[in-house]
Every structure is written in structure tokens, then in C-alpha cells.
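K.L.:
A single structure is presented below for examination.
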Amino acid sequence: MVDTPPEHMSLWIATAPGPTFPRLLGDLTVDVAILGGGIAGLTTATLLKQAGKTVAVIEADQVVRGVTGYTTAKVTAQHNLIYADLIDTFGEDAARIYAHSNQAALERIAQFVAEDGIDCDFERKPNYCYSESATDLTMLEEEVTAAQNLGLPASLVTATGLPFPVAGALRVDHQAQFHPRKYLLQLAARIPGAGSFIFEHTRALDVEESNPHRVITDQGVLQAQDVVVATHYPILDRGLFFARVFPRREYVICVRANEGTDPHGMYISIGEPTRSVRTAPSPDGLLLVIGGEKHRPGEDPDTNARYRQLEHFARERFGCDQVVYRWSTQDTYAVDRVPYIGRLRPGADHLYVATGFGAWGMTNGTLAGMIIADAILGVVNPWAELYYPSRLNLRASAAKLLKEGANVARHFIGDRLAGGETFPDAIPPGEGAIVNHHGEKVAVYKDEQGKLHGVSPVCTHLGCLVGWNTAEKSWDCPCHGSRFDVTGQVIHGPAVANLAQQNLADRSGMAAYRDGTEDDRA
Ligand code: FES
């Protein structure tokens with residue numbers, strides 16, 4: 001029983017603590033090195049080990065504690081409104097591959113659950129994309145027609161299990177939801193042994209392309225014939241992914257469901273602001289998992305307000321106000337809406353990448369494991385071409401490429417020129433801000449005791465300036481989503497190096513600077 005809401009604790013992490021795995025100690029050689037212990041990495045490792053390969057999964061933190069530990073864990077091939085758009089931009093055959101491959105990923109998960117007897121609250125549920133506005137009905141009808149033509153069990157309905165009326169909804173039957181950590185920790189438990197490993201607290205720093213490849217980590221060197229980069233946002237910049245994928249933060253709260261508020265399905269609204277709803281069982285009764293409030297990292301001065309918006313929705317629409325968990329997550333989107341899965345770039349034999357899953361990592365991440373495992377095993381995969389990472393579909397991506405590229409340029413250049421820095425005295429305890437110190441920008445965090453902690457605001461990935469995240473107490477980069485804790489340590493890539501430490505004057509010295517009296521001893 002949870003009496004008070006834990007601060008920023010994922011339901012999945014709180015209710016499935018899981019085992020720990022050792023660090024890499026020294027150098028090692030395996031058939032396949034997999035960077036990243038989320039759903040893509042662990043699925044790839046599982047399939048390859050089953051096929052007789054030796055694998056090593058290396059994870060900078062702990063497995064299933066990155067993005068996969070903070071998902072809403074809907075397992076569906078209906079990724080909001082997507083199929084009418086894919087038919088328009090990629091063509092009907094490609095859209096059919098997207099639908100069939102994601103449906104196959106759903107069934108791959110179901111098969112693991114059934115065959116291995118994995119107790120992970122796997123439940124078949126219908127998935128709904130709904131709108132409360134009649135003006136959206138045409139869009140919904142077009143999507144239903146597209147999904148039906150591609151073979152999905154889709155229909156247009158006006159009655160849902162939601163406790164409020166909708167103008168219409170796209171319903172896709174026989175989809176699923178589960179507890180992602182209970183599922184993936186069972187897969188992870190089967191990986192070590194017979195020459196295969198999982199290493200935690202082992203950060204990949206680089207991959208030297210050779211034969212075999214050499215993965216340079218902060219704990220040793222891993223040699224492998226094949227290397228899979230499944231680090232959510234790729235830590236390697238060799239495929240120009242920094243221009244083709246973009247990050248968004250999103251928020252989730254978990255509230256106790258009142259009697260009669262079980263919506264009997266998974267839901268996502270098609271308009272703004274997006275609202276995602278599903279249920280999760282708990283020993284104390286049903287929970288509602290409610291998500292939304294998407295925004296670019298590092299740009300929102302009051303991320304706590306995002307949680308308040310979701311709480312308002314839970315109260316107003318479901319009459320539920322007992323928040324038991326809340327957390328935020330970060331998703332990576334491909335500019336053309338199709339994930340990048342396969343060879344990292346042309347000519348990079350035996351080096352693979354999986355990224356750009358959008359907010360649909362359960363099926364897309366599983367699919368990535370299936371496609372990359374096939375590639376390494378020499379099996380022809382009928383879906384691989386659609387997801388080829390080096391594609392460039394301008395019809396599907398030009399507008400987003402330009403918009404996201406302009407945004408990165410705005411941050412890279414504009415943030416350096418911008419004033420607006422604050423003074424240390426103005427920073428409340430427990431908060432951070434960019435401060436002008438000796439004419440240099442410094443990212444300053446003031447702890448609860450009033451002590452100042454300064455780090456360089458220059459992101460170690462490609463040099464944009466980080467912004468303060470008040471809800472998570474972190475420095476977030478608006479360009480590609482790297483995140484750092486208050487001491488500058490990397491907590492989310494693509495950056496692999498920490499922010500540089502900055503020596504600050506003591507508090508009185510900083511105050512003197514504000515008054516224009518600071519000398520160079522500070
Ligand atoms: Fe790329 Fe910061 S994440 S510059």
C-alpha cells in the first residue's frame with residue numbers, strides 16, 4: 001500500500017525491482033555486443049542467444065531502467081493516427097509492412113509470454129484513438145479505412161469504455177498491455193551463461209570499426225563481430241541521426257481507479273493536448289495510467305505544471321485524485337515517423353542501429369530485435385527494407401527535417417547570444433538556472449542548504465546549451481535530448497561525457513559579481 005505519492009517513481013520500477021548484473025571487468029570477446037539494456041537490446045540478445053550466438057549486453061545504468069522503464073507499455077500496431085499518413089508518404093505496400101510487422105512484434109511478445117510462462121500482467125485489450133470533437137471525424141474515418149485496408153481489425157465506434165462522451169473513436173481489437181519490467185527482466189534473466197553476459201554500470205564510449213569491432217567502454221574493451229547500438233538515441237553520430245531523429249519529453253501519472261471507472265481498453269486522444277489512458281492491476285486495486293504533455297526537452301521552465309495538467313484531467317474526467325506514482329519519460333521520433341532499424345550506415349558491415357520508435361517502443365523495440373537478429377543470422381527479413389536507416393524519404397520527412405533543424409540551429413546559436421541569465425541569489429534552494437559568471441554562462445544548481453554547484457552548460461554531445469528541468473532536477477539539452485544530473489553526470493544520451501565542472505565563487509562572491517564588484521580571485 002502506498003500512502004504518499006513517491007516523487008518521480010515509475011510504477012514499473014517500483015513494483016519490479018529486479019536483479020542486478022555486474023560491471024564489465026577488463027576486456028572480453030563475444031559474437032555480438034549490444035549497447036543498451038532496453039526492450040530493443042534485450043529482445044535482440046534473447047533471439048541471438050536462442051540461435052546459438054554469444055552476446056554481451058552493456059548498459060550504462062541498469063537494464064530496463066532507461067526509457068523502457070518509464071513507458072506506458074501499450075503493445076499495439078495502431079500508433080495513433082499513422083496509416084493514412086504512411087499510405088500518402090510511403091505508399092500502401094510500405095504502410096502494410098508497417099502494420100504487419102508491428103502486429104507481428106505484438107505476437108512475438110505474446111509468444112515469449114506464453115512459451116516461457118512469463119508472469120507480466122499481459123492482457124489483451126482493444127486500443128482506441130478517440131476524439132471529443134466532431135471536426136476530427138473525417139480524419140478518424142480516413143484512418144479506419146486505411147487500417148482496415150492494411151488488414152488491421154479496425155472499426156469506427158462512438159461507444160467506448162471512457163466515462164465521458166467521444167465524437168468518435170478508431171477501435172483496433174486484440175491488442176495488448178503488460179508490465180514491461182516484469183516481462184523484460186524475465187528475458188534478461190535468461191541471457192547470462194554459456195558465454196553470454198549482461199553488464200550494468202558500463203558505459204559505451206565509442207565503437208572502433210574493425211574486424212572484429214571494438215566497443216570502448218569505461219570498464220574495458222568489448223570485441224565483437226557484430227555490434228548493435230540500441231541506446232535509444234544513438235551514441236554514435238555516424239549515420240547523421242542527430243538531424244533525423246528528435247526527442248520529446250512526456251509525463252505520466254498513476255492514479256487509483258474509482259469503482260466503475262475501468263475503461264476496459266487502451267486509449268489515446270488524437271488532438272492536442274494528447275491524453276493516453278490505460279489500466280494496470282495492483283494488489284490494492286485497479287490503477288489508471290494517464291500520460292501526455294509532450295514537449296521538447298530543456299525548453300519548459302515549469303515542468304511541474306505538466307503533472308498538474310494530468311492530475312486535473314484525472315480528476316475532471318475520471319473523478320480520480322489519488323496519485324500513487326508519477327514519472328516522466330523521453331521518446332525519440334524519426335522525422336518520417338518510421339523507426340531506423342538495421343545497418344547503421346552504408347558500408348558499416350556488422351554495425352547496427354535501432355532508434356526513432358516514437359512513443360511506441362514496445363512493438364517497435366521488439367521489431368528492432370527481430371529485424372537485427374535476422375540480419376546478424378543471415379536470415380532474409382521481409383520488413384527490413386522499410387526500416388533501412390539510410391533511407392531518405394523527402395516527401396515524408398522534409399517539413400520535419402527543416403523544422404527540427406531550425407530548432408537545433410536556434411538553440412545552438414541563439415542560446416549563446418541570449419541574455420536573460422539570472423543571479424545566484426535569485427535561484428531558490430533546490431532549483432537551477434543559467435548564470436553569467438565572469439562573462440561566461442554557467443549552469444548553477446543551488447542545493448537545499450544553499451550551496452551552489454556549477455557546471456558548464458555546453459552539452460558534450462554537439463555543443464548546444466542545456467536548460468533546467470525543475471520537476472526532474474536535471475539539466476536537459478533541447479537539441480537531441482541528452483540529460484545530466486545536478487553535478488553534470490550523464491543520465492541520458494546521446495552524450496557520453498559529463499558536463500565540465502565549473503569553479504564558482506562562494507555565494508558572497510557571486511553576489512559581488514551581481515553588484516559589479518567581483519574581482520578575479522573568484
Ligand atoms: Fe546533442 Fe546536446 S544532445 S547537443
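K.L.:
Which residues, taken from the stretch 216-242, are under 13 Å from Tyr352 (Cα atoms), assigned to a strand (DSSP E or B) and not polar (S, T, N, Q)?
P.N.:
Ala224, Asp226, Val227, Val228, Val229 - these are the residues of the stretch 216-242 that are under 13 Å from Tyr352 (Cα atoms), assigned to a strand (DSSP E or B) and not polar (S, T, N, Q).
Each row is one residue, and each column tells you yes or no for (1) under 19 Å from the mean Cα position of the chain (by Cα); (2) within 30 Å of Asn258 (Cα to Cα).
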site	(1), (2)
Gly291	yes, yes
Pro301	no, no
Gln309	no, yes
Arg315	no, yes
Ser328	yes, yes
Tyr333	yes, no
Arg343	no, no
Trp360	yes, yes
Gly365	yes, no
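K.L.:
So, one more: Are there any pairs, at least 6 apart or on different chains, whose C-beta atoms fall under 7 Å, with the first in the stretch 446-471 and on the phi > 0 side of the Ramachandran plot and the second away from the ligand (no atom under 16 Å from the Cβ), and if so, which?
P.N.:
Gly450/Pro429; Gly450/Arg507
Condition check ((1) within 16 Å of the ligand (Cβ to nearest atom); (2) crowded, with 22+ Cβ neighbours inside 10 Å) across all residues:
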{"position": "Glu448", "(1), (2)": "no, no"}
{"position": "Thr460", "(1), (2)": "yes, no"}
{"position": "Leu465", "(1), (2)": "yes, yes"}
{"position": "Trp468", "(1), (2)": "yes, yes"}
{"position": "Arg483", "(1), (2)": "yes, yes"}
{"position": "Val486", "(1), (2)": "no, no"}
{"position": "Gln489", "(1), (2)": "yes, no"}
{"position": "Val496", "(1), (2)": "yes, no"}
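K.L.:
Exactly one condition in (1) within 24 Å of Met9 (Cβ to Cβ); (2) part of a strand (DSSP E or B); (3) aromatic (Phe, Trp, Tyr) is false for Tyr352; which is it?
P.N.:
(1)
K.L.:
Got a number for residues in the stretch 355-400 being within 21 Å of Gln78 (Cβ to Cβ) and aliphatic (A, V, I, L, M)?
P.N.:
Of the residues in that region, 8 qualify.
K.L.:
Would you pick out the residues in the stretch 236-254 that are buried (at least 22 other Cβ atoms within 10 Å of the Cβ), within 11 Å of the ligand (Cβ to nearest atom) and over 30 Å from Gln309 (Cα atoms)?
P.N.:
Within the stretch 236-254, just Phe241 meets the criteria.
K.L.:
Kindly state which strands (runs of 3 or more DSSP E) lie completely within the stretch 421-468 and contain at least 3 residues that are in contact with an Asp or Glu (Cβ under 7 Å, 6 or more places away or on another chain) and either closer than 15 Å to Thr487 by Cα or modelled with pLDDT of 90 or more (or both).
P.N.:
So the answer is none; nothing clears 3.
K.L.:
I would also like to ask the following. Report, by residue number, each residue of the stretch 371-414 that is in contact (Cβ under 8 Å) with a residue 60 or more places away in the chain, among the β-branched types (Val, Ile, Thr) and within 16 Å of the ligand (Cβ to nearest atom).
P.N.:
If the condition is that a residue be in contact (Cβ under 8 Å) with a residue 60 or more places away in the chain, among the β-branched types (Val, Ile, Thr) and within 16 Å of the ligand (Cβ to nearest atom), then Val408 is the only one that fits.
K.L.:
A further question on this structure: Being closer than 18 Å to Glu385 by Cβ, among the hydrophobic types (A, V, I, L, M, F, W, C) and surrounded by fewer than 21 Cβ atoms within 10 Å (Cβ to Cβ) is true for just one of Ala84, Ala94, Ala114. Which residue is that?
P.N.:
Just a single option satisfies the conditions, and that option is Ala94.
K.L.:
Quick one: is Asp321 crowded, with 19+ Cβ neighbours inside 10 Å and of a type in the set (D, E, K, R)?
P.N.:
Criteria not met by Asp321.
K.L.:
Here's something else I'd like to know. Among (1) buried (at least 17 other Cβ atoms within 10 Å of the Cβ); (2) part of a loop (DSSP other than H, G, I, E, B), which single condition is Thr329 missing?
P.N.:
The single condition Thr329 does not satisfy is (2).
The values are calculated or read from the model by the stated rules, or taken from the named source; none is laboratory data. Just so you know, these numbers come straight off a predicted model, no measurement behind them. Here the Cβ is made from the backbone with ideal geometry for all residues, glycine too, and neighbour counts use every protein chain on show.
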